[in-house]
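One structure below.
Values quoted throughout were computed directly from the atomic coordinates according to the rules given, and no laboratory measurement underlies them. Quick caveat: nothing in here was measured; it's all calculated off a predicted structure. All Cβ positions, glycine included, derive from the backbone under ideal geometry; neighbour counts span all protein chains shown.
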Amino acid sequence: MERSDKDSLKEKIYAGKRISVSEAAGLFSWDLIELGRASDFRMRLRTPGGRVGFIIDRIINFTNICEAACAFCAFHARAGRIEPYKLELDQIMEKVQGLVAAGGTQVMLQGGLHPEYTLDTYSTMVRTIKERFPDIYLHSFSPAELFYVAQKEAISLDYVVGRLKEAGLDSVPGASDMLVERVRARISPKKLTSRQWCGVMECLHRHSMKSSATMTYGLGETLEERVSHLDLVRDVQDKTGIFRAFIPWSFSPANTALDHIPPATSIEYLRVVAVSRIFLDNIDYIQAGWLTEGMKLAQVALSFGANDMGGVLTEEVVVGATGIQTKADRDEMIKIIKNAGMIPVQRDSDYKEIRVFA
């Protein structure tokens, strides 16, 4: 009897081998339980022991004034849902102080393409925080912000990254939306292109800085385009090794210019997590996106290849602007992970263990 293509793919997956783009697209049609078993196996190949990490951090959205005005965003001032604002430096420092008091270790400064902010604005923000809180890890800004500042001030991206690193920036989240030009032209034409995003990753790598990669799906893309996004991420990781984690998010359409798009389903999310785990064979950590998916679905994702829960004590308002209100604290995170049959581990920004809750 001839072996089917599915049997060959299954053998490849369980042997820990790399799968192709076409094979990844085919995984979306697999039986969900079978896909979950395969992705869980692949996760345990990379991080044996059933450990699931989380970090105590804080997202500080310091402004919602953004020139990009993306169609999928309900938070930027032009969306008309939230009044324009920007935090002063002392307000930012108060929020960092609150994180330190709660035992937190990481701050994510998140803004937008503010027309008045300069490299000096960002450098001052970073340096001031680091001078007062030298032990706080700054995983902050975005590829779009770095590229925007370089273009606006007619300076090199290398100069921007070098200045920010010198000021104390530790790493940059690799917010990537959907790395498909057909989709980007429709939802975020004012932001950097996929190729330019890759250029930012390569620049960060030249400066020995780490990042992450994300995927916002459910924006009207095809399954093939989702896999194309994953393929680009895998290729960049092959070349640089820059990504510590990959985080898939489902698009939340409420209150956005794309509110006519039906929200992605829970089953769809689990499939995306599972395929990401199997295809991205060069990234150790796949994060369960509890902020957009909710804690229960994120818990299920721990059986579909995810092995990190991201941050707690997360002050987040961008996703909140779509009407999703999800919160978590350390005790709840520990309980969720344990109830999934895993071992909770509080980690730092480099994914090193701080404390194990066996």
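Points to keep in mind about this one:
- Take every pair of alpha-carbon atoms less than 8 Å apart whose residues are at least six positions apart; their mean separation over the length of the chain yields a relative contact order of 24 percent.
- Percentage of interatomic Cα-Cα distances in segment 100-144 larger than 11 Å: 71
- Among 196-202, 44-50, 338-344, the peptide with the highest mean count of other Cβ atoms within 10 Å heads the list, and the full ranking is 196-202, 338-344, 44-50.
- The GluC sites (Glu not before Pro) found in segment 83-128 that occupy coil by DSSP, while having at most 15 further C-beta atoms within 10 Å, are Glu88, Glu116.
- Built amide H within the under 5 Å cut-off of Glu67, gap 5+: Leu113, His114
- In the chain, helical runs assigned H by DSSP with n ≥ 4 each contribute -39500 (n - 2.57); averaged across all residues and rounded to the nearest 500, the mean residue ellipticity at 222 nm is -13000 deg cm²/dmol.
- For segment 50-344, the direction-averaged projected area of the alpha-carbon convex hull comes to 13.8 nm².
- Label-to-label distance, nm, for residues given as Asn282 and Arg132 (7 Å Cα→Cβ offset): 4.1
- In loop segments of segment 1-60 as defined by DSSP, the chymotrypsin sites (Phe, Trp or Tyr not before Pro) with at most 16 further C-beta atoms inside 10 Å of their C-beta are Phe28.
- Length gained on full extension, Asp329 to Asp348, computed as 0.36 nm times the residue gap minus the Cα-Cα distance: 5.2 nm.
- One decimal place: the segment Glu34-Glu181 gains 49.7 nm when fully extended, by the rule 0.36 nm per residue minus the C-alpha distance.
- Converting phi to 3J(HN,Hα) with the Karplus coefficients 6.51, -1.76 and 1.60 and the offset θ = phi - 60°, segment 42-56 yields 5, 4, 6, 5, 8, 9, x, x, x, 8, 10, x, 8, 10, 8 Hz in sequence order, with x at every glycine or proline.
- Using θ = phi - 60° in the Karplus curve 6.51 cos²θ - 1.76 cosθ + 1.60, the 3J(HN,Hα) couplings for segment 174-190 round to x, 3, 10, 6, 10, 7, 9, 4, 4, 6, 4, 4, 8, 9, 8, x, 8 Hz; x is entered for Gly and Pro.
- Amide proton proximity set for Gly311, modelled H, under 5 Å, gap of 5+: Ile55
- Degrees between helix 143-152 axis and first principal axis of the chain (Cα, 0 to 90, nearest 10): 40
- Between Arg355 and Gln151, the contour length at 0.36 nm per residue exceeds the Cα-Cα span by 69.2 nm.
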